[in-house]
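Only one structure is covered here, and it is reproduced in the block below.
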Amino acid sequence: MLLLALDTATPAVTVALHDGRDVIASSSQVDARRHGELLLPAIDRVLAEAGLSLDAVTGVVAGIGPGPYTGLRVGLMTAETFGLALGVPVHGVCTLDGLAYAADLQDPFVVATDARRKEVYWARYADSRTRVTDPAVDRPADIAEQVAGLPAVGAGALLYPDAFPQAHEPEHVSAAALARLAAERLAAGEELPAPRPLYLRRPDAQVPKNYKVVTPK
Amino acid sequence: MTDSRDEPLVLGIETSCDETGVGIVRGTTLLADAVASSVDEHARFGGVVPEVASRAHLEAMVPTIDRALKEAGVSARDLDGIAVTAGPGLAGALLVGVSAAKAYAYALGKPLYGVNHLASHICVDQLEHGALPEPTMALLVSGGHSSLLLSTDITSDVRPMGATIDDAAGEAFDKIARVLNLGFPGGPVIDRYAREGDPDAIAFPRGLTGPRDPAYDFSFSGLKTAVARWIEAKRAAGEEVPVRDVAASFQEAVVDVLTRKAVRACKDEGVDHLMIGGGVAANSRLRALAQERCEAAGIRLRVPRPKLCTDNGAMVAALGAEMVARNRAASSWDLSADSSLPVTEPHVPGHQHDHDHVHEISKENLYS
Ligand SMILES: [Zn+2]
(Lines give C-alpha, C1' and ligand atoms only; values in the text may rest on other atoms or scores of the structure.)
Protein backbone atom coordinates (compact mmCIF):
# COMPACT_ATOMS: atom_id res chain seq x y z
CA MET A 1 0.00 0.00 0.00
CA LEU A 2 1.19 3.49 -0.82
CA LEU A 3 -0.97 6.51 0.02
CA LEU A 4 -0.25 9.94 -1.40
CA ALA A 5 -1.78 12.55 0.92
CA LEU A 6 -2.09 16.24 0.18
CA ASP A 7 -3.85 19.27 1.61
CA THR A 8 -4.21 22.83 0.29
CA ALA A 9 -7.07 24.03 2.50
CA THR A 10 -4.86 26.15 4.78
CA PRO A 11 -1.88 28.41 3.97
CA ALA A 12 0.24 25.21 3.98
CA VAL A 13 0.91 23.28 0.79
CA THR A 14 1.55 19.88 2.30
CA VAL A 15 2.28 16.45 0.80
CA ALA A 16 3.13 13.08 2.35
CA LEU A 17 3.63 9.43 1.36
CA HIS A 18 2.47 6.62 3.68
CA ASP A 19 3.46 3.02 2.98
CA GLY A 20 0.86 1.41 5.26
CA ARG A 21 3.15 1.40 8.28
CA ASP A 22 4.17 5.03 8.51
CA VAL A 23 4.96 8.22 6.64
CA ILE A 24 8.05 7.69 4.47
CA ALA A 25 8.44 11.20 3.02
CA SER A 26 6.74 14.55 3.44
CA SER A 27 6.92 18.24 2.57
CA SER A 28 5.17 21.32 3.95
CA GLN A 29 5.50 24.87 2.68
CA VAL A 30 3.51 27.80 3.98
CA ASP A 31 2.59 30.26 1.22
CA ALA A 32 -1.09 31.16 1.07
CA ARG A 33 -0.93 32.56 -2.44
CA ARG A 34 1.04 29.99 -4.37
CA HIS A 35 -0.73 26.66 -3.89
CA GLY A 36 -1.08 26.29 -7.66
CA GLU A 37 2.64 26.66 -8.30
CA LEU A 38 3.96 24.76 -5.30
CA LEU A 39 1.84 21.60 -5.13
CA LEU A 40 3.06 19.56 -8.09
CA PRO A 41 6.78 20.27 -7.58
CA ALA A 42 6.27 19.27 -3.91
CA ILE A 43 4.68 15.96 -4.96
CA ASP A 44 7.55 15.37 -7.40
CA ARG A 45 10.09 16.09 -4.66
CA VAL A 46 8.45 13.82 -2.09
CA LEU A 47 8.27 10.94 -4.55
CA ALA A 48 11.93 11.44 -5.49
CA GLU A 49 12.89 11.49 -1.83
CA ALA A 50 11.17 8.13 -1.36
CA GLY A 51 12.72 6.80 -4.57
CA LEU A 52 9.28 6.07 -6.00
CA SER A 53 7.23 7.14 -8.98
CA LEU A 54 3.58 8.15 -8.98
CA ASP A 55 2.66 4.81 -10.59
CA ALA A 56 3.42 3.11 -7.27
CA VAL A 57 0.64 5.02 -5.48
CA THR A 58 -2.36 2.83 -4.59
CA GLY A 59 -4.60 5.55 -3.19
CA VAL A 60 -4.83 9.33 -2.90
CA VAL A 61 -5.95 11.19 0.24
CA ALA A 62 -6.99 14.84 -0.07
CA GLY A 63 -7.96 17.39 2.55
CA ILE A 64 -11.50 18.51 1.67
CA GLY A 65 -11.41 21.65 3.79
CA PRO A 66 -13.11 23.69 4.93
CA GLY A 67 -10.63 26.30 3.72
CA PRO A 68 -10.25 29.25 1.34
CA TYR A 69 -11.74 27.99 -1.92
CA THR A 70 -9.16 28.85 -4.53
CA GLY A 71 -6.37 27.03 -2.71
CA LEU A 72 -8.65 24.18 -1.62
CA ARG A 73 -9.60 23.41 -5.22
CA VAL A 74 -5.94 23.09 -6.27
CA GLY A 75 -5.48 20.06 -4.02
CA LEU A 76 -8.85 18.48 -4.76
CA MET A 77 -8.52 18.88 -8.53
CA THR A 78 -5.00 17.45 -8.42
CA ALA A 79 -6.07 14.47 -6.29
CA GLU A 80 -9.12 13.74 -8.41
CA THR A 81 -7.15 13.90 -11.67
CA PHE A 82 -4.49 11.57 -10.27
CA GLY A 83 -7.30 9.17 -9.43
CA LEU A 84 -8.54 9.33 -13.01
CA ALA A 85 -5.12 8.91 -14.61
CA LEU A 86 -3.87 6.16 -12.26
CA GLY A 87 -7.16 4.37 -11.74
CA VAL A 88 -6.77 4.46 -7.94
CA PRO A 89 -9.31 5.51 -5.29
CA VAL A 90 -9.32 9.10 -4.00
CA HIS A 91 -10.37 9.59 -0.38
CA GLY A 92 -11.45 12.80 1.28
CA VAL A 93 -10.52 13.72 4.84
CA CYS A 94 -11.81 16.79 6.66
CA THR A 95 -8.85 19.17 7.02
CA LEU A 96 -9.90 20.01 10.59
CA ASP A 97 -9.73 16.27 11.42
CA GLY A 98 -6.13 16.23 10.19
CA LEU A 99 -5.27 19.12 12.48
CA ALA A 100 -7.07 17.44 15.38
CA TYR A 101 -5.14 14.21 14.79
CA ALA A 102 -1.83 16.08 14.79
CA ALA A 103 -2.79 17.86 18.05
CA ASP A 104 -2.66 14.46 19.82
CA LEU A 105 -5.04 15.37 22.66
CA GLN A 106 -7.09 12.94 24.79
CA ASP A 107 -9.60 15.50 26.14
CA PRO A 108 -12.17 17.83 24.54
CA PHE A 109 -10.77 20.66 22.44
CA VAL A 110 -11.48 22.87 19.43
CA VAL A 111 -9.88 23.15 16.01
CA ALA A 112 -10.16 26.52 14.26
CA THR A 113 -8.57 27.63 10.97
CA ASP A 114 -8.56 31.06 9.36
CA ALA A 115 -11.62 31.55 7.14
CA ARG A 116 -10.66 35.17 6.31
CA ARG A 117 -13.24 37.96 6.53
CA LYS A 118 -12.79 37.87 10.33
CA GLU A 119 -14.26 34.38 10.56
CA VAL A 120 -12.95 30.91 11.45
CA TYR A 121 -13.68 27.43 10.19
CA TRP A 122 -14.08 25.31 13.32
CA ALA A 123 -15.31 22.12 14.96
CA ARG A 124 -15.30 20.59 18.45
CA TYR A 125 -13.56 17.32 19.29
CA ALA A 126 -13.94 14.86 22.17
CA ASP A 127 -10.35 13.74 21.52
CA SER A 128 -7.91 13.77 18.61
CA ARG A 129 -9.82 11.09 16.70
CA THR A 130 -13.41 12.09 17.50
CA ARG A 131 -15.14 15.13 16.04
CA VAL A 132 -18.42 15.97 17.82
CA THR A 133 -19.74 18.89 15.72
CA ASP A 134 -20.01 19.49 11.97
CA PRO A 135 -17.43 21.90 10.58
CA ALA A 136 -18.86 25.42 10.62
CA VAL A 137 -17.85 28.97 9.73
CA ASP A 138 -18.45 31.74 12.27
CA ARG A 139 -17.14 34.94 13.78
CA PRO A 140 -14.95 34.10 16.81
CA ALA A 141 -17.01 36.36 19.10
CA ASP A 142 -20.20 34.53 18.13
CA ILE A 143 -18.86 31.13 19.23
CA ALA A 144 -16.80 32.27 22.25
CA GLU A 145 -19.37 30.77 24.64
CA GLN A 146 -19.43 27.40 22.87
CA VAL A 147 -15.64 27.06 23.00
CA ALA A 148 -15.08 28.62 26.42
CA GLY A 149 -12.68 26.74 28.66
CA LEU A 150 -11.48 24.45 25.87
CA PRO A 151 -7.97 24.26 24.50
CA ALA A 152 -7.79 25.11 20.80
CA VAL A 153 -5.41 24.45 17.90
CA GLY A 154 -5.04 25.93 14.42
CA ALA A 155 -4.24 29.32 12.91
CA GLY A 156 -7.82 30.48 13.44
CA ALA A 157 -7.52 29.92 17.20
CA LEU A 158 -4.06 31.54 17.36
CA LEU A 159 -5.40 34.55 15.45
CA TYR A 160 -8.25 35.31 17.89
CA PRO A 161 -6.96 34.96 21.48
CA ASP A 162 -10.08 36.69 22.90
CA ALA A 163 -12.25 33.77 21.81
CA PHE A 164 -9.52 31.13 22.14
CA PRO A 165 -7.35 32.03 25.16
CA GLN A 166 -5.91 28.51 25.33
CA ALA A 167 -4.76 28.38 21.68
CA HIS A 168 -1.61 26.50 20.76
CA GLU A 169 0.19 24.59 17.99
CA PRO A 170 -0.16 23.00 15.47
CA GLU A 171 -0.97 26.05 13.38
CA HIS A 172 -1.54 24.41 9.98
CA VAL A 173 -2.52 20.94 8.86
CA SER A 174 0.19 18.54 7.74
CA ALA A 175 -0.32 15.88 5.09
CA ALA A 176 1.66 13.50 7.29
CA ALA A 177 -1.09 13.68 9.94
CA LEU A 178 -3.76 13.42 7.24
CA ALA A 179 -2.04 10.31 5.84
CA ARG A 180 -1.73 8.65 9.25
CA LEU A 181 -5.37 9.35 10.05
CA ALA A 182 -6.54 8.05 6.67
CA ALA A 183 -4.35 4.93 6.94
CA GLU A 184 -5.74 4.24 10.41
CA ARG A 185 -9.34 4.64 9.27
CA LEU A 186 -8.86 2.57 6.11
CA ALA A 187 -7.16 -0.19 8.11
CA ALA A 188 -10.18 -0.19 10.45
CA GLY A 189 -12.39 -0.75 7.43
CA GLU A 190 -13.93 2.71 7.57
CA GLU A 191 -15.33 4.34 4.46
CA LEU A 192 -13.78 7.76 3.82
CA PRO A 193 -15.86 10.52 2.21
CA ALA A 194 -15.61 11.44 -1.48
CA PRO A 195 -13.07 14.19 -2.26
CA ARG A 196 -15.73 16.92 -2.47
CA PRO A 197 -14.96 20.39 -1.09
CA LEU A 198 -16.51 21.64 2.15
CA TYR A 199 -17.23 25.22 1.13
CA LEU A 200 -19.67 26.07 3.98
CA ARG A 201 -20.42 29.44 2.36
CA ARG A 202 -22.50 30.20 -0.71
CA PRO A 203 -20.60 31.86 -3.55
CA ASP A 204 -20.53 35.65 -3.34
CA ALA A 205 -22.66 36.96 -6.12
CA GLN A 206 -24.39 40.24 -6.69
CA VAL A 207 -27.67 40.05 -8.56
CA PRO A 208 -27.96 43.19 -10.67
CA LYS A 209 -30.75 45.26 -9.15
CA ASN A 210 -31.70 47.67 -11.91
CA TYR A 211 -33.42 45.29 -14.24
CA LYS A 212 -35.55 42.23 -13.87
CA VAL A 213 -33.74 39.44 -15.66
CA VAL A 214 -35.64 36.73 -17.45
CA THR A 215 -33.90 33.62 -18.66
CA PRO A 216 -34.74 32.97 -22.31
CA LYS A 217 -36.41 29.67 -23.05
CA MET B 1 0.58 14.09 -47.50
CA THR B 2 2.00 12.92 -44.22
CA ASP B 3 0.36 10.06 -42.39
CA SER B 4 -2.01 11.66 -39.90
CA ARG B 5 -0.83 9.06 -37.35
CA ASP B 6 2.46 10.98 -37.21
CA GLU B 7 0.73 14.16 -36.17
CA PRO B 8 0.69 15.01 -32.45
CA LEU B 9 -2.25 13.69 -30.42
CA VAL B 10 -3.00 16.35 -27.82
CA LEU B 11 -5.67 16.82 -25.16
CA GLY B 12 -6.55 20.43 -24.30
CA ILE B 13 -8.24 21.81 -21.19
CA GLU B 14 -10.02 25.18 -21.08
CA THR B 15 -11.46 26.79 -17.91
CA SER B 16 -10.86 30.52 -18.36
CA CYS B 17 -14.50 31.50 -17.94
CA ASP B 18 -17.74 29.52 -17.55
CA GLU B 19 -17.14 26.62 -19.95
CA THR B 20 -15.28 23.50 -18.83
CA GLY B 21 -13.83 22.38 -22.16
CA VAL B 22 -11.81 19.28 -22.96
CA GLY B 23 -10.84 18.70 -26.58
CA ILE B 24 -8.66 16.17 -28.35
CA VAL B 25 -6.99 16.75 -31.71
CA ARG B 26 -4.53 14.93 -33.91
CA GLY B 27 -2.58 17.70 -35.65
CA THR B 28 -5.27 19.78 -37.33
CA THR B 29 -7.95 17.08 -37.08
CA LEU B 30 -10.64 17.44 -34.44
CA LEU B 31 -11.33 14.18 -32.59
CA ALA B 32 -13.36 15.36 -29.60
CA ASP B 33 -14.84 18.58 -28.26
CA ALA B 34 -16.51 18.00 -24.89
CA VAL B 35 -17.90 21.06 -23.11
CA ALA B 36 -19.77 21.42 -19.84
CA SER B 37 -21.19 24.90 -19.36
CA SER B 38 -22.23 26.60 -16.14
CA VAL B 39 -24.01 29.37 -18.08
CA ASP B 40 -27.44 28.49 -16.64
CA GLU B 41 -26.11 28.97 -13.11
CA HIS B 42 -24.96 32.49 -14.03
CA ALA B 43 -28.15 33.47 -15.86
CA ARG B 44 -29.96 34.81 -12.80
CA PHE B 45 -26.96 37.01 -11.97
CA GLY B 46 -26.88 38.55 -15.44
CA GLY B 47 -23.20 37.76 -15.85
CA VAL B 48 -20.52 35.20 -15.05
CA VAL B 49 -19.90 34.90 -11.30
CA PRO B 50 -16.26 33.79 -10.83
CA GLU B 51 -16.81 31.62 -7.76
CA VAL B 52 -19.81 29.88 -9.33
CA ALA B 53 -17.69 29.17 -12.43
CA SER B 54 -14.77 27.81 -10.39
CA ARG B 55 -17.00 25.45 -8.42
CA ALA B 56 -18.59 24.18 -11.61
CA HIS B 57 -15.17 23.54 -13.23
CA LEU B 58 -14.09 21.36 -10.31
CA GLU B 59 -17.31 19.32 -10.55
CA ALA B 60 -17.23 18.95 -14.32
CA MET B 61 -13.55 18.34 -15.04
CA VAL B 62 -13.12 14.58 -14.63
CA PRO B 63 -16.42 13.63 -16.31
CA THR B 64 -15.58 15.98 -19.20
CA ILE B 65 -12.10 14.47 -19.67
CA ASP B 66 -13.73 11.02 -19.67
CA ARG B 67 -16.30 12.10 -22.22
CA ALA B 68 -13.64 13.58 -24.53
CA LEU B 69 -11.53 10.40 -24.44
CA LYS B 70 -14.59 8.27 -25.28
CA GLU B 71 -15.66 10.62 -28.05
CA ALA B 72 -12.17 10.55 -29.59
CA GLY B 73 -11.82 6.80 -29.13
CA VAL B 74 -8.23 7.17 -27.93
CA SER B 75 -6.42 6.05 -24.81
CA ALA B 76 -4.86 8.63 -22.50
CA ARG B 77 -1.60 6.63 -22.73
CA ASP B 78 -1.35 7.46 -26.45
CA LEU B 79 -1.45 11.25 -25.97
CA ASP B 80 1.66 13.19 -26.99
CA GLY B 81 0.94 16.12 -24.69
CA ILE B 82 -1.53 17.94 -22.47
CA ALA B 83 -2.32 21.58 -23.21
CA VAL B 84 -4.15 23.97 -20.91
CA THR B 85 -5.25 27.58 -20.93
CA ALA B 86 -2.77 29.34 -18.62
CA GLY B 87 -4.46 32.73 -19.18
CA PRO B 88 -5.86 35.25 -19.63
CA GLY B 89 -9.15 34.69 -17.83
CA LEU B 90 -10.70 34.44 -14.37
CA ALA B 91 -7.86 33.61 -11.96
CA GLY B 92 -9.70 31.08 -9.81
CA ALA B 93 -11.32 29.39 -12.80
CA LEU B 94 -8.02 29.12 -14.69
CA LEU B 95 -6.38 27.55 -11.66
CA VAL B 96 -8.80 24.60 -11.66
CA GLY B 97 -7.89 23.75 -15.27
CA VAL B 98 -4.18 24.29 -14.72
CA SER B 99 -4.25 22.01 -11.65
CA ALA B 100 -6.06 19.29 -13.58
CA ALA B 101 -3.75 19.55 -16.60
CA LYS B 102 -0.61 19.43 -14.48
CA ALA B 103 -1.82 16.40 -12.53
CA TYR B 104 -2.92 14.62 -15.70
CA ALA B 105 0.32 15.30 -17.58
CA TYR B 106 2.43 14.34 -14.58
CA ALA B 107 0.53 11.12 -13.92
CA LEU B 108 0.67 10.08 -17.58
CA GLY B 109 4.29 11.14 -18.03
CA LYS B 110 3.41 13.57 -20.86
CA PRO B 111 4.70 17.08 -21.57
CA LEU B 112 2.54 19.98 -20.38
CA TYR B 113 1.86 23.07 -22.50
CA GLY B 114 0.37 26.13 -20.80
CA VAL B 115 -1.04 28.16 -23.69
CA ASN B 116 -2.66 31.52 -24.30
CA HIS B 117 -6.45 31.60 -24.53
CA LEU B 118 -6.50 34.23 -27.28
CA ALA B 119 -3.95 32.45 -29.48
CA SER B 120 -6.06 29.30 -29.01
CA HIS B 121 -9.14 31.13 -30.34
CA ILE B 122 -7.16 31.84 -33.52
CA CYS B 123 -5.55 28.41 -33.83
CA VAL B 124 -8.87 26.58 -33.59
CA ASP B 125 -9.55 27.55 -37.19
CA GLN B 126 -6.96 24.97 -38.26
CA LEU B 127 -9.46 22.30 -37.24
CA GLU B 128 -12.00 23.77 -39.67
CA HIS B 129 -10.05 25.18 -42.60
CA GLY B 130 -6.59 23.59 -42.35
CA ALA B 131 -3.23 25.20 -41.60
CA LEU B 132 -3.45 28.89 -40.70
CA PRO B 133 -2.21 31.19 -43.46
CA GLU B 134 0.85 33.13 -42.32
CA PRO B 135 0.26 35.94 -41.67
CA THR B 136 -3.36 35.88 -40.48
CA MET B 137 -5.34 38.80 -39.14
CA ALA B 138 -7.71 37.74 -36.37
CA LEU B 139 -10.72 39.51 -34.92
CA LEU B 140 -11.62 37.98 -31.55
CA VAL B 141 -14.94 39.06 -30.12
CA SER B 142 -16.69 37.61 -27.08
CA GLY B 143 -18.02 38.51 -23.66
CA GLY B 144 -14.44 38.67 -22.43
CA HIS B 145 -12.48 40.04 -25.36
CA SER B 146 -12.54 42.32 -28.40
CA SER B 147 -9.13 42.23 -30.04
CA LEU B 148 -7.58 42.62 -33.41
CA LEU B 149 -4.45 40.47 -33.63
CA LEU B 150 -1.87 39.80 -36.31
CA SER B 151 -0.01 36.51 -36.25
CA THR B 152 2.82 35.30 -38.44
CA ASP B 153 3.37 32.13 -36.37
CA ILE B 154 0.66 31.18 -33.90
CA THR B 155 3.17 29.44 -31.58
CA SER B 156 5.54 32.37 -31.27
CA ASP B 157 4.35 35.63 -32.78
CA VAL B 158 0.99 37.23 -32.01
CA ARG B 159 0.90 41.02 -32.21
CA PRO B 160 -1.89 43.14 -30.79
CA MET B 161 -3.17 45.60 -33.41
CA GLY B 162 -6.05 46.93 -31.36
CA ALA B 163 -8.42 46.09 -28.53
CA THR B 164 -11.41 47.48 -26.73
CA ILE B 165 -10.59 50.39 -24.47
CA ASP B 166 -13.62 49.68 -22.25
CA ASP B 167 -16.20 46.87 -22.58
CA ALA B 168 -15.92 43.73 -24.66
CA ALA B 169 -18.39 43.50 -27.54
CA GLY B 170 -20.14 40.53 -25.93
CA GLU B 171 -20.59 42.49 -22.70
CA ALA B 172 -22.46 45.18 -24.64
CA PHE B 173 -24.79 42.49 -26.02
CA ASP B 174 -25.39 41.18 -22.48
CA LYS B 175 -26.07 44.66 -21.11
CA ILE B 176 -28.51 45.64 -23.85
CA ALA B 177 -30.31 42.29 -23.56
CA ARG B 178 -30.68 42.97 -19.85
CA VAL B 179 -32.07 46.48 -20.43
CA LEU B 180 -34.54 44.95 -22.88
CA ASN B 181 -35.44 42.21 -20.34
CA LEU B 182 -34.28 39.49 -22.72
CA GLY B 183 -32.06 37.57 -20.27
CA PHE B 184 -28.47 36.32 -20.30
CA PRO B 185 -26.42 35.68 -22.37
CA GLY B 186 -27.46 38.49 -24.68
CA GLY B 187 -25.77 37.56 -27.96
CA PRO B 188 -28.08 34.86 -29.35
CA VAL B 189 -31.30 36.57 -28.28
CA ILE B 190 -30.32 39.99 -29.71
CA ASP B 191 -29.33 38.25 -32.95
CA ARG B 192 -32.75 36.57 -33.07
CA TYR B 193 -34.76 39.76 -32.50
CA ALA B 194 -32.53 41.76 -34.83
CA ARG B 195 -33.42 39.52 -37.76
CA GLU B 196 -36.95 40.93 -37.65
CA GLY B 197 -35.88 44.54 -37.03
CA ASP B 198 -34.61 47.44 -39.12
CA PRO B 199 -30.87 48.03 -38.64
CA ASP B 200 -31.26 51.62 -39.87
CA ALA B 201 -34.21 52.48 -37.62
CA ILE B 202 -32.12 54.24 -34.98
CA ALA B 203 -28.72 55.87 -35.62
CA PHE B 204 -26.67 54.66 -32.67
CA PRO B 205 -23.09 55.97 -32.33
CA ARG B 206 -20.05 54.15 -33.80
CA GLY B 207 -17.34 54.36 -31.12
CA LEU B 208 -13.77 55.42 -31.97
CA THR B 209 -14.42 55.97 -35.68
CA GLY B 210 -13.43 59.64 -35.88
CA PRO B 211 -10.44 60.70 -37.99
CA ARG B 212 -8.23 61.21 -34.92
CA ASP B 213 -9.33 58.07 -33.07
CA PRO B 214 -7.00 55.04 -32.85
CA ALA B 215 -7.50 53.10 -36.07
CA TYR B 216 -7.86 49.60 -34.63
CA ASP B 217 -9.12 50.10 -31.07
CA PHE B 218 -12.75 49.61 -30.09
CA SER B 219 -15.10 51.23 -27.59
CA PHE B 220 -18.56 49.90 -26.78
CA SER B 221 -19.24 51.70 -23.53
CA GLY B 222 -20.62 54.84 -25.19
CA LEU B 223 -22.85 52.78 -27.46
CA LYS B 224 -24.13 50.79 -24.51
CA THR B 225 -25.06 53.96 -22.66
CA ALA B 226 -26.64 55.55 -25.73
CA VAL B 227 -28.87 52.50 -26.31
CA ALA B 228 -29.86 52.25 -22.65
CA ARG B 229 -30.74 55.98 -22.57
CA TRP B 230 -32.78 55.70 -25.76
CA ILE B 231 -34.77 52.80 -24.28
CA GLU B 232 -35.27 54.55 -20.95
CA ALA B 233 -36.47 57.72 -22.72
CA LYS B 234 -39.09 55.67 -24.59
CA ARG B 235 -40.22 54.04 -21.37
CA ALA B 236 -40.32 57.38 -19.55
CA ALA B 237 -42.53 58.77 -22.32
CA GLY B 238 -44.87 55.82 -21.84
CA GLU B 239 -44.16 54.55 -25.35
CA GLU B 240 -43.62 50.97 -26.31
CA VAL B 241 -39.97 50.05 -26.95
CA PRO B 242 -39.52 48.66 -30.49
CA VAL B 243 -37.39 45.73 -29.30
CA ARG B 244 -36.65 44.35 -32.78
CA ASP B 245 -35.53 47.70 -34.20
CA VAL B 246 -33.43 48.50 -31.13
CA ALA B 247 -31.76 45.08 -31.31
CA ALA B 248 -31.09 45.42 -35.05
CA SER B 249 -29.79 48.98 -34.84
CA PHE B 250 -27.58 48.25 -31.82
CA GLN B 251 -26.19 45.09 -33.43
CA GLU B 252 -25.51 46.97 -36.66
CA ALA B 253 -23.51 49.61 -34.78
CA VAL B 254 -21.34 46.92 -33.18
CA VAL B 255 -20.67 44.79 -36.27
CA ASP B 256 -20.21 47.83 -38.51
CA VAL B 257 -17.28 49.04 -36.39
CA LEU B 258 -15.81 45.55 -35.90
CA THR B 259 -15.76 44.64 -39.59
CA ARG B 260 -14.75 48.08 -40.78
CA LYS B 261 -11.67 48.13 -38.53
CA ALA B 262 -10.75 44.51 -39.22
CA VAL B 263 -10.83 45.01 -42.99
CA ARG B 264 -8.89 48.24 -42.67
CA ALA B 265 -6.18 46.49 -40.61
CA CYS B 266 -5.89 43.77 -43.28
CA LYS B 267 -5.52 46.37 -46.03
CA ASP B 268 -2.99 48.46 -44.06
CA GLU B 269 -0.85 45.42 -43.25
CA GLY B 270 -1.23 43.76 -46.65
CA VAL B 271 -2.81 40.68 -45.10
CA ASP B 272 -5.23 38.77 -47.31
CA HIS B 273 -6.76 36.47 -44.67
CA LEU B 274 -9.10 37.43 -41.85
CA MET B 275 -10.29 34.96 -39.22
CA ILE B 276 -13.05 35.78 -36.77
CA GLY B 277 -13.33 33.92 -33.47
CA GLY B 278 -14.89 34.21 -30.03
CA GLY B 279 -18.52 33.80 -29.03
CA VAL B 280 -19.72 36.88 -30.92
CA ALA B 281 -18.44 35.28 -34.14
CA ALA B 282 -21.62 33.20 -33.96
CA ASN B 283 -23.60 36.40 -34.65
CA SER B 284 -25.26 36.02 -38.04
CA ARG B 285 -25.05 39.70 -38.97
CA LEU B 286 -21.34 39.87 -38.10
CA ARG B 287 -20.69 36.89 -40.37
CA ALA B 288 -22.74 38.35 -43.23
CA LEU B 289 -21.28 41.84 -43.09
CA ALA B 290 -17.71 40.53 -42.71
CA GLN B 291 -18.25 38.27 -45.74
CA GLU B 292 -19.57 41.18 -47.80
CA ARG B 293 -16.77 43.56 -46.86
CA CYS B 294 -14.00 40.97 -47.19
CA GLU B 295 -15.21 40.00 -50.66
CA ALA B 296 -15.21 43.64 -51.72
CA ALA B 297 -11.65 44.04 -50.42
CA GLY B 298 -10.29 40.77 -51.85
CA ILE B 299 -9.74 39.26 -48.42
CA ARG B 300 -10.45 35.59 -47.64
CA LEU B 301 -12.64 35.27 -44.57
CA ARG B 302 -12.29 32.26 -42.25
CA VAL B 303 -14.84 31.78 -39.50
CA PRO B 304 -14.98 28.45 -37.67
CA ARG B 305 -18.38 26.87 -36.90
CA PRO B 306 -20.05 28.50 -33.86
CA LYS B 307 -19.21 25.65 -31.45
CA LEU B 308 -15.50 26.17 -32.14
CA CYS B 309 -15.82 29.96 -31.78
CA THR B 310 -17.08 29.87 -28.21
CA ASP B 311 -14.66 28.76 -25.47
CA ASN B 312 -13.80 25.06 -25.79
CA GLY B 313 -11.00 22.59 -25.14
CA ALA B 314 -10.44 21.74 -28.81
CA MET B 315 -8.95 25.18 -29.45
CA VAL B 316 -6.46 24.65 -26.63
CA ALA B 317 -5.61 21.21 -27.98
CA ALA B 318 -5.18 22.70 -31.47
CA LEU B 319 -2.61 25.19 -30.21
CA GLY B 320 -0.97 22.51 -28.06
CA ALA B 321 -0.60 20.26 -31.10
CA GLU B 322 1.01 23.12 -32.98
CA MET B 323 3.44 23.62 -30.06
CA VAL B 324 4.40 19.95 -30.27
CA ALA B 325 4.67 20.03 -34.06
CA ARG B 326 6.97 23.06 -33.94
CA ASN B 327 9.06 21.72 -31.05
CA ARG B 328 8.22 24.51 -28.64
CA ALA B 329 9.46 24.08 -25.07
CA ALA B 330 7.04 22.47 -22.64
CA SER B 331 5.91 24.24 -19.46
CA SER B 332 7.33 23.32 -16.07
CA TRP B 333 5.43 21.77 -13.14
CA ASP B 334 5.26 25.12 -11.36
CA LEU B 335 3.22 26.61 -14.21
CA SER B 336 0.86 29.21 -12.77
CA ALA B 337 -2.51 30.47 -13.89
CA ASP B 338 -2.02 34.04 -15.07
CA SER B 339 -5.26 36.00 -15.27
CA SER B 340 -3.58 38.68 -17.37
CA LEU B 341 -1.22 36.63 -19.52
CA PRO B 342 -0.21 39.03 -22.33
CA VAL B 343 -1.47 38.14 -25.79
CA THR B 344 2.13 38.38 -27.01
CA GLU B 345 2.94 35.16 -25.14
CA PRO B 346 1.28 32.30 -27.07
CA HIS B 347 2.57 29.82 -24.52
CA VAL B 348 4.36 29.69 -21.18
CA PRO B 349 7.61 27.76 -21.62
CA GLY B 350 9.32 26.38 -18.51
CA HIS B 351 11.09 28.81 -16.19
CA GLN B 352 10.66 31.96 -18.20
CA HIS B 353 8.01 33.71 -16.16
CA ASP B 354 9.52 37.14 -16.49
CA HIS B 355 6.54 39.44 -16.32
CA ASP B 356 4.98 40.86 -13.22
CA HIS B 357 2.56 38.63 -11.33
CA VAL B 358 1.68 41.10 -8.60
CA HIS B 359 -1.15 42.59 -10.69
CA GLU B 360 -2.96 39.26 -10.63
CA ILE B 361 -3.25 39.28 -6.88
CA SER B 362 -4.20 42.92 -6.58
CA LYS B 363 -6.88 42.84 -9.26
CA GLU B 364 -8.98 40.07 -7.84
CA ASN B 365 -9.21 38.54 -4.41
CA LEU B 366 -7.53 35.38 -5.59
CA TYR B 367 -7.71 33.28 -2.47
CA SER B 368 -10.93 34.34 -0.81
ZN1 LIG C 1 -12.61 33.17 -25.11
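The values are calculated or read from the model by the stated rules, or taken from the named source; none is laboratory data. These numbers come from a predicted model, not from an experiment. Cβ: placed from backbone, ideal geometry, glycine included. Neighbour counts: every protein chain shown.
Among all positions in segment B:211-231, there is at least one residue which is in the same structural domain as residue B:287 (by the TED database) and assigned to a strand (DSSP E or B). Which one of these is among the hydrophobic types (A, V, I, L, M, F, W, C), within 14 Å of the chain's Cα centre (by Cα) and farther than 22 Å from residue A:112 by Cβ: A:9, A:16, A:32? After applying the criteria, what remains is A:16. In the condition set (1) more than 22 Å from residue B:342 (Cα to Cα); (2) aliphatic (A, V, I, L, M); (3) more than 7 Å from chain A (Cβ to nearest Cβ), residue B:86 is compliant with all but (1). Of the residues making up segment A:173-186, one or more are in contact with an Asp or Glu (Cβ under 7 Å, 6 or more places away or on another chain), in a loop (DSSP other than H, G, I, E, B) and either surrounded by 15 or more Cβ atoms within 10 Å (Cβ to Cβ) or at negative phi (or both). Of everything listed in (1) touching a Ser or Thr at 6+ places or on another chain (Cβ under 9 Å); (2) outside any helix (DSSP H, G or I); (3) free of Cβ contacts under 8 Å to residues at least 40 places away in the same chain, the single unmet condition for residue B:292 is (2). Can you find, within segment B:151-168, the residue that is surrounded by the fewest Cβ atoms within 10 Å (Cβ to Cβ) among those that are within 16 Å of the ligand (Cβ to nearest atom) and among the aliphatic types (A, V, I, L, M)? It comes out as B:163. Looking across segment B:64-104 at every residue that is over 18 Å from the mean Cα position of the chain (by Cα) and part of a strand (DSSP E or B), the one that is surrounded by the fewest Cβ atoms within 10 Å (Cβ to Cβ) is identified as B:81. Criterion first (within 27 Å of residue B:157 (Cα to Cα), away from the ligand (no atom under 12 Å from the Cβ) and in contact with a His (Cβ under 8 Å, 6 or more places away or on another chain)) does residue B:81 satisfy it? No; evaluated as a whole, the condition is false for this residue.
State whether one or more residues within segment B:249-270 are of a type in the set (D, E, K, R) and in a loop (DSSP other than H, G, I, E, B).
Looking for residues that are of a type in the set (D, E, K, R) and in a loop (DSSP other than H, G, I, E, B), one finds none in segment B:249-270, hence no.
Residues that are within 13 Å of residue B:59 (Cα to Cα) and either within 16 Å of the ligand (Cβ to nearest atom) or touching a His at 6+ places or on another chain (Cβ under 6 Å) (or both) within segment B:88-104 comprise B:93, B:96, B:97, listed in sequence order. For segment B:110-150, the set of residues classified as of a type in the set (A, V, I, L, M), surrounded by fewer than 24 Cβ atoms within 10 Å (Cβ to Cβ) and assigned to a loop (DSSP other than H, G, I, E, B) consists of B:131, B:132, listed by residue number.
For segment B:278-303, a tally of residues being of a type outside the set (Asp, Glu) and more than 16 Å from the ligand (Cβ to nearest atom) returns 16. Count of segment A:25-49 residues, restricted to those that are buried (at least 18 other Cβ atoms within 10 Å of the Cβ), farther than 18 Å from residue A:172 by Cβ and more than 12 Å from every other protein chain (Cβ to nearest Cβ), is 1.
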